[in-house]
Amino acid sequence: MRIFATVVAAVALAGAGADAAHAATPLVLLPVALFPATSSVFYSATVSATGGTAPYTYSVVAGTLPKGLTLSPDGSLSGVPDDLPGRFAFTVQARDAAGAAATTTVTFSLAAPTIVLTSVAIPSARAGDNYRHALFASGGSPRYLFSLARGSLPNGLHLAGDGVFSGVPTKAGVSLFTVQIIDSRGIRGEQTFRLVVKKAKAAPKKTRLGSR
């Protein structure tokens, strides 16, 4: 019985020693290397810790995240960033179940979005006829401002700031021009178009009354 009791006591001491060694492991936030994000594009990453006493709770204790991103208590960093491109530095804290805390500073890059027009071509016009066509953009942060960057429009046509071509072209021909788009944060995009103006419809021939 003494031998059995000694063995049980030894096992209990060994287990207590292992628990104590585990609890003595310091809480450490694992190195965080976040991949760059792009404004207006969904982003997701995770921060994690080791040591201490699980579970862990995460928070931002200094610095600023890009607008649109949040760090959840479980360590997930996610959202749709909507901020100016650049580098953001912030400090993440992990706190374990025993109240111990560890921090690390994270540097995060936000890249400029690509702004494109959803149309790669525009319909042709006809001299002497009313013309209207609207351009639409994607990427970046609405709202968008459209303008003529290079080239010229056919005589009689106008491009408004909201991306609408309108007017009455005066003569047939082909025009090449580049449209610039600027989003609400000043990010720019461009696209070149080719617009064909067809000849005016021929006037119907007059029939002389009484002719045979």
Unique match (being among the small types (Gly, Ala, Ser) and either closer than 30 Å to residue 87 by Cβ or under 24 Å from the mean Cα position of the chain (by Cα) (or both)) among 111, 127: 111
So residue 199, is it in contact with a Pro (Cβ under 9 Å, 6 or more places away or on another chain) and either at pLDDT below 95 or more than 18 Å from residue 120 (Cα to Cα) (or both): no
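Every residue in the range 100-119 that is closer than 30 Å to residue 135 by Cβ and not in a strand (DSSP E or B), please. Spell out the reasoning first.
If we filter the range 100-119 for residues that are closer than 30 Å to residue 135 by Cβ, which is where we start, we get 110-119.
Within the range 100-119, 112, 113, 114, 115, 118, 119 meet the criteria.
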Residue that is within 32 Å of the chain's Cα centre (by Cα), within 18 Å of residue 136 (Cβ to Cβ) and not in a loop (DSSP other than H, G, I, E, B), where the choices are 166, 184: 166
From the options 7, 11, 32, residue that is over 30 Å from residue 137 (Cβ atoms), modelled with pLDDT under 85, among the β-branched types (Val, Ile, Thr) and part of a loop (DSSP other than H, G, I, E, B): 32
Candidate set from the range 49-71 (those that are exposed (fewer than 14 other Cβ atoms within 10 Å of the Cβ), touching a residue at least 12 places away in the same chain (Cβ under 8 Å) and in contact with a strand residue (DSSP E or B) (Cβ under 8 Å, 6 or more places away or on another chain)); member that is farthest from residue 102 (Cα to Cα): 64
Evaluation of residue 124 against (1) touching a Leu at 6+ places or on another chain (Cβ under 8 Å); (2) assigned by TED's automatic domain parsing to the domain that holds residue 172; (3) surrounded by 15 or more Cβ atoms within 10 Å (Cβ to Cβ) (one fails), failing number: (3)
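The values are calculated or read from the model by the stated rules, or taken from the named source; none is laboratory data. Quick caveat: nothing in here was measured; it's all calculated off a predicted structure. Positions of Cβ are generated from backbone atoms using ideal geometry, with glycine treated the same way; all protein chains shown enter the neighbour counts.
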